[in-house]
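In what follows, a structure is listed as structure tokens, so that the remarks can point back to it.
The values are calculated or read from the model by the stated rules, or taken from the named source; none is laboratory data. Computed from a predicted model, the values in this text were never measured in an experiment. For neighbour counting, all protein chains shown are included, and Cβ atoms are generated from backbone atoms with ideal geometry for every residue, glycine included.
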Amino acid sequence: MAERGWYSGDTHVHRTLADLPNLILAEDLNVALPLTHWVTDSEQTPAELAKQRGVNVPAKLIEIDKTHVIWPVNTEYEIFTVKRKRHTLGALFILNHSKPLTKPAPPVTPIVKEAKSQGRQVLLDLDKHNWPWSMMVAPVADVHLFELSNNHVWRTDFLFSTWYPEYVGKHMGISLDAKGFNERQWIEFGFQNYHTLLNCGLKIRPTAGTASGVHPVPLGFGRVYAEVADEFTYDKWIDGRPRFAHTSPVHVTIADKPIRPSKAEVQYLTERIENEIQRHRGVLSAAALAEYEQALTRYKALLPDKAPQNGSR
């Protein structure tokens, strides 16, 4: 692929900086974005945890050779605890920034603003589509990347059969097994959810990640390719439009024929947001709830009386 100008990356990495130089060469992965900062509590910030743990990651590209590189400053917010009580929200990756972030989550808008102020081309990765907060985060944070191949896709047997199957929309026509998802159904759910967001006008690019280092899967088992003209550089790879070589869906604007979601797709998104608003009342702050209301308003605006029954494809 590299000979054709396509270079691979893994945007969900939990390997150590000490291990990665050998691993990316062994797997012939061109770009690794390890999540060196990781918070799971709404009262934590990456900067505070980094200070507590003595973590100091310089914002400097690690070049193993001319076509194998590591950008070491990336952050995962994976919120399972709110106000010291179990209350799962979901994950969001802040990729390619330069300093530990000082904002907790939620809300997410201040985090995005801070990351973008650091002077680099930050990429926001949704991680998985069926985290409870994902359909809020996608429009509110203006997320860049959707993991069509994510860390639930392993080289061994599929494990996550009961991981939020209730978020599968009836309009998707996916008949789950008695135990929930199988791998094929999980992947189909992801593709349909991705198309739904594209149909709603969100310009989200596909990506792939493995969580190698936490999940039992090799680095780069799921990988994304970006086309780089002429000589490879990391900056060109980040500036490009990461996508699978030729099979990924893309957002195309045609004059006087805007992409339109189906009524069923918009209803699916609004119901997910409405249910989350009810679940969060009395738990999340007013600022955090306002982001859900913002997403709900955006989705409802896409529901005209003459919405097509089947969305654009």
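Table for the structure above
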quantity: Number of the exception - GLY119 against (1) assigned to a helix (DSSP H, G or I); (2) of a type outside the set (S, T, N, Q); (3) at pLDDT below 95; calculated: (1)
quantity: Matching entry among THR16, THR81 (being in a strand (DSSP E or B) and either β-branched (Val, Ile, Thr) or on the phi > 0 side of the Ramachandran plot (or both)); calculated: THR81
quantity: Among residues of the stretch 1-28, those that are of a type in the set (D, E, K, R) and either within 22 Å of the chain's Cα centre (by Cα) or within 19 Å of VAL55 (Cα to Cα) (or both), counted; calculated: 3
quantity: Hits in the stretch 181-199 (condition: farther than 17 Å from LEU124 by Cβ and of a type outside the set (S, T, N, Q)); calculated: PHE181, GLU183, ARG184, TRP186, ILE187, GLU188, PHE189, GLY190, PHE191, HIS195
quantity: Counted residues, the stretch 84-100 - those being in a strand (DSSP E or B) and surrounded by fewer than 21 Cβ atoms within 10 Å (Cβ to Cβ); calculated: 4
quantity: Pairs, first under 17 Å from ASP235 (Cβ atoms) in the stretch 1-23, second loosely packed, with under 13 Cβ neighbours inside 10 Å, C-beta under 9 Å, six or more apart; calculated: GLY5/ALA229; GLY5/ASP230
quantity: Odd one out for HIS251 among (1) out of contact with any helix residue (DSSP H, G or I) (no Cβ under 6 Å at 6 or more places or on another chain); (2) modelled with pLDDT under 90; calculated: (1)
quantity: Subset tally (residues that are at pLDDT 70 or above, part of a loop (DSSP other than H, G, I, E, B) and over 16 Å from LYS170 (Cβ atoms)) for the stretch 257-283; calculated: 5
quantity: Filter result (among the aromatic types (Phe, Trp, Tyr) and in contact with a Ser or Thr (Cβ under 6 Å, 6 or more places away or on another chain)) within the stretch 72-116; calculated: PHE80
quantity: Residue check for LYS103: buried (at least 18 other Cβ atoms within 10 Å of the Cβ) and charged (D, E, K, R); calculated: yes
quantity: Evaluation of ASN56 against (1) in a strand (DSSP E or B); (2) within 18 Å of LEU95 (Cα to Cα) (one fails), failing number; calculated: (1)
quantity: Residues located in the stretch 127-168, provided they are closer than 25 Å to THR75 by Cα and not in a loop (DSSP other than H, G, I, E, B); calculated: SER134, MET135, MET136, VAL137, ALA138, PRO139, VAL140, LEU145, PHE146, GLU147, LEU148, SER149
quantity: Of all residues in the stretch 117-140 being among the aliphatic types (A, V, I, L, M) and in contact with a Ser or Thr (Cβ under 7 Å, 6 or more places away or on another chain), the one that is farthest from THR88 (Cα to Cα); calculated: VAL140
